[in-house]
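J.: Once you've had a glance at the structure underneath, I'll fire off some questions.
Values in this text are rule-based calculations from the coordinates and carry no lab data. Model, not experiment: these values are computed from the prediction. All Cβ positions, glycine included, derive from the backbone under ideal geometry; neighbour counts span all protein chains shown.
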Amino acid sequence: MINYKIIQRGEKTMFKNRKNYDSKFKAKLALEAIIGDRTISQLSSDYGVHPNQIGLWKKKLLNGLPMIFDIKENTGAKDNEFESEKNEHTGGIL
């Protein structure tokens, strides 16, 4: 998606376009930069994204990775608690 920003300088009117990328694209590109099969310059020319931007996404991904392992997945525990409470209240009939 490209946003256009109108800039007026004196009598001249200029249009400046800015690209917005979705998070999946950013993650894919950052991961490719981390893997290192291709250089950031190669990725930049292949995808049409500035090398500095790819470097920022790579840095952001590396800084955010440790938080993934801090997230507790309690979905199974909640189901087990629900089943236990249901059995207590119904006497195991249901």
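J.: Take the cross-link list 19/72; 24/59; 19/59; 16/58 and give me the ones stretching past 24 Å between alpha-carbons. Numbers along the way, then the final one.
T.: Values: 19/72 35 Å; 24/59 16 Å; 19/59 20 Å; 16/58 26 Å.
Those over the limit are 19/72; 16/58.
J.: Put +1 on the Cβ of every Lys and Arg and -1 on every Asp and Glu Cβ in region 22-68; which of 41, 51, 64 then has its Cα farthest towards the positive end of the dipole?
T.: Of the options given, the answer is 64.
J.: State, to one decimal in nm, how far the label point of residue 17 lies from the label point of residue 59, with both points 7 Å from Cα in the Cβ direction.
T.: For the pair residue 17/residue 59, the computed spacing is 2.8 nm.
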